[in-house]
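Accompanying notes for the structure given below.
The values are calculated or read from the model by the stated rules, or taken from the named source; none is laboratory data. Everything numeric in this text was worked out from a predicted model, so none of it was measured. With ideal geometry, Cβ positions are generated from the backbone for all residues, glycine too; neighbour counts draw on all protein chains shown. Surface areas here come from the heavy atoms of the whole protein model, side chains and all, with no ligands, DNA or RNA. Shrake-Rupley method; radii C 1.70, N 1.55, O 1.52, S 1.80 Å.
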Amino acid sequence: MQNDISKKNWILIWVLGLAGQLCWNVENAWFSTFVYNKVAPDPTIISWMVGLSAVVTTFCTFLIGTWSDRIGKRKPFVSIGYIFWGVFTIVFGVGEFLPKSPVTLVATFVVLADAIMSFFGSFGYDAGFSIWTTDISNEHNRGRLGGALAVMPVIATIFGTVVSGIIVDAFGFFDFFILMGGLVIVIGFASLFVMKDAPDLKPRREEKTYWRQLTRVFNWRTVSENRELFWIFVVMLVYFIGFNVYFSYITIYFVNYLGYSYTIAGALEGGALVLAAFMTIPTAKMIDKGLLARVISIALVANTIGLLCIAFAKGIVPLCIGMFLAGCGYILTLQSLTAWMKNLYPEDQRGQFEGIKQVFYVALPMIFGPMIAAPVINNWGVEKLVNNVPGMVPGPSLFLVSAAVTALAILPLIAANRLHQRRLAEKAAATSDVL
C-alpha cells in the first residue's frame, strides 16, 4: 500500500467523518437536553437511553463488521447505514409531539428511537466508514489520519453546539433534527456514487460459517495474542467512562444550572475547542514517531485540570479555559488511541476488532458513565423547575467525579506503554539482524 491517501479519499474521509460526527453529536449533546426539556427532567431516562444505545451500537458493529470482513466490502454498509441513520434522527424528534402522560410511554419511545438510530449509525460509521479508513491507510500516515478523525468530533461539537444552539433557540428541536438528519441522508446517497472500497480489500472467510467467524474473536487466545491492543482498549475504557459521566449533561449544566441560553451554552462549549483542534498538528508528528504514551499522558493531565476548572469556574473566561483544556485532553487522547489501535488491528479481523473496540469505547463507558452520573446528580445536584416540571439538575460535583475517573486512565496506560516499548525494541532488533 502506498504511503499517501488519495485526495479523493481525504475528501470522503472529511465529508463522511464530519457528517457522522455531527449526527453522533446531535445524539450525545442534544438528545439528553431534548429529553430534559420536552419529556421529563429525569436523569434515569437518559441513563436508559444512553446505555441501551451503547449496547445496540456495539452489537451492530460486531455483526456488521464480521459480515463486511467476510464479503470484503465496506461501501454498501456506509451508504445504507447513513441513509437510515438520518431517517431515525428525524423520527426521534417526533417524541416532542407525543402525549406526556403517562410519561413512561413517551420515555419508552425516545429510548427505542435512539436505539434504532444508534444501530444504523454504527452500521454506517463504525462497521463501515471507520473500518474503511483502516483499509486505505497504513502505519506511515495514521498519525495524520488519527488527527483528522480526532478533530472531527471537535468540529462537530463546535458546529453542533454553536450553530445547533442558535437553530434550537430560533426554530425548536424538531426542525433541528430534520436539518441534521436530512444532511446525513443526502451524504449517504452521495456515497453510493463516489465512494470505492480499498483496491486490496478481499473477502476474509477464515471460518466456514458466518457465526463461527463471529465467535472466533471471543476467546482468551485472542487477548493473549493482542495484549498491547487490549491494554489500549482498557485505557480507552477508563477514559471514556470519565468522559460519559459529564458529557451528556454538559449543556444541561450550562443552561439549567448556570442559566445560559442554548446559544451562549453552545458558544462556551464550541469556542474554546477551536484552539484545541490545532493541537493535533504537532502531536501527529509525535505519534508517527511512536511517542504515543507521552501524548496521552499530557492529554490526561490537561483533561483532568480542565474538568476541575469547569467545576470551580464562576464566569465565562474560566469556563472557556476549562473547556479548552478538557477539549485538548479529549482530542489528543482520541487521536493517539486511534492511531495506536489501527496499527495493531489484525488484517484479517479489522471488522471484528472494530466491534471489540466498541465494547471499550462505547458500550461499557456509555453504561457505566451515566450510571455514575445519575446518583451524583440525584444526591448532589440542585432541584429546579425545568419547563415547569421539578427535577434534579447537575451541579459542579459531576465534573469533580469525572476528573477523578479520567485521571485513573494513567494506570492501564503504563502497562500499554511497557508492551509498546518492548514491541519496538523487538522490531529494531529484528531489523538490525537482517541488516
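Calculated on the Cα set of the stretch 221-337, radius of gyration then Dmax: 16.0, 53 Å.
Residue order by solvent-accessible surface for W67, W14, W24 is W67, W14, W24, largest first, with ligands and nucleic acids left out and a 1.4 Å probe. Based on DSSP loop calls and a cut-off of at most 15 other Cβ atoms within 10 Å, the longest stretch of the chain free of exposed GluC sites (Glu not before Pro) is what? The answer is 208-435. Only Cα sites of the stretch 265-330 enter the Debye sum here, all with the same form factor; the resulting log10 I(q)/I(0) across q = 0.17, 0.21 1/Å is -0.58, -0.79, listed in q order. Close amide-amide hydrogen proximity is noted between V393 and V382, E383, K384, each under 5 Å apart and 5 or more residues distant or on a separate chain (H modeled in the peptide plane; Pro and chain starts excluded). Any idea what angle helix 262-277 forms with the longest principal axis of the chain, computed on alpha-carbon atoms, 0 to 90 degrees, nearest 10? For helix 262-277, the angle is close to 20 degrees.
Taking F368, F97, F62 as the candidate residues, the one with maximal mean-square fluctuation in a Gaussian network model of the chain, Cα springs under 10 Å, is F97.
Computing Rg and the Kirkwood Rh from the Cα coordinates of the chain gives a ratio, Rg/Rh, of 0.96. Quick check on the stretch 316-378: take the gyration tensor over C-alpha atoms, sort the square-rooted eigenvalues as a ≥ b ≥ c, and tell me if it's rounded (a/c under 1.5), prolate or oblate. Judged from the Cα gyration tensor, the stretch 316-378 comes out oblate (a/c at least 1.5, b/c at or above a/b). What the Cα atoms of the stretch 291-435 give is an Rg and a Dmax of 19.8, 75 Å.
Helix 103-121 and the longest principal axis of the C-alpha atoms of the chain enclose an angle of approximately 20°. A crude spin-label estimate for the pair V234 and W10, with each label 7 Å from Cα along the Cβ direction, gives 3.8 nm.
Using a cutoff of 8 angstrom between alpha carbon atoms and counting only pairs six or more residues apart, the relative contact order for the stretch 284-429 works out to 27 percent. Each residue of the stretch 421-428 is assigned a 3J(HN,Hα), and the resulting list reads 5, 5, 5, 5, 5, 5, 5, 5 Hz, derived from the Karplus form 6.51 cos²θ - 1.76 cosθ + 1.60 (θ = phi - 60°), x at Gly and Pro.
Taking the chain as a Gaussian network of alpha-carbon nodes connected by springs under 10 Å, the highest mean-square fluctuation of the residues D69, D169, D200 belongs to D200. Counting only trypsin sites (Lys or Arg not before Pro) that DSSP places in a loop and that have at most 11 other Cβ atoms within 10 Å, the longest clean stretch of the chain runs over 1-207. Label reach from A428 (point 7 Å along Cα→C-beta): in the stretch 280-317, amide nitrogens under 16 Å belong to 288-294.
With the dipole of the stretch 227-326 worked out from charges on the C-beta (+1 for Lys and Arg, -1 for Asp and Glu) around the Cα centre, which of A293, Y262, T280 lies farthest toward the positive end? The Cα lying farthest towards the positive end belongs to A293.
Using a cutoff of 8 angstrom between alpha carbon atoms and counting only pairs six or more residues apart, the relative contact order for the chain works out to 27 percent. Taken one residue at a time, the phi angles of the stretch 248-256 give Karplus couplings (6.51, -1.76, 1.60, θ = phi - 60°) of 5, 10, 5, 5, 4, 4, 5, 7, 8 Hz. Gly and Pro are set to x. Is the C-alpha gyration tensor of the stretch 351-423 telling us rounded, prolate or oblate? Criteria: a/c under 1.5 is rounded; beyond that, a/b larger than b/c is prolate, otherwise oblate. It comes out oblate by the Cα gyration axes. The residues of the chain expose on average 40 square angstrom of accessible surface per residue, using a 1.4 Å probe on protein heavy atoms.
Taking Cα centre as origin and charging only the Cβ of basic (Lys, Arg, +1) and acidic (Asp, Glu, -1) residues, the dipole magnitude of the chain rounds to 840 debye. From the square roots a ≥ b ≥ c of the eigenvalues of the alpha-carbon gyration tensor of the stretch 1-91, which class results: rounded (a/c under 1.5), prolate (a/b over b/c), or oblate? Prolate, since a/c reaches 1.5 and a/b exceeds b/c. For the chain, the longest principal axis of the Cα atoms and the long axis of helix 173-194 meet at an angle of about 20 degrees.
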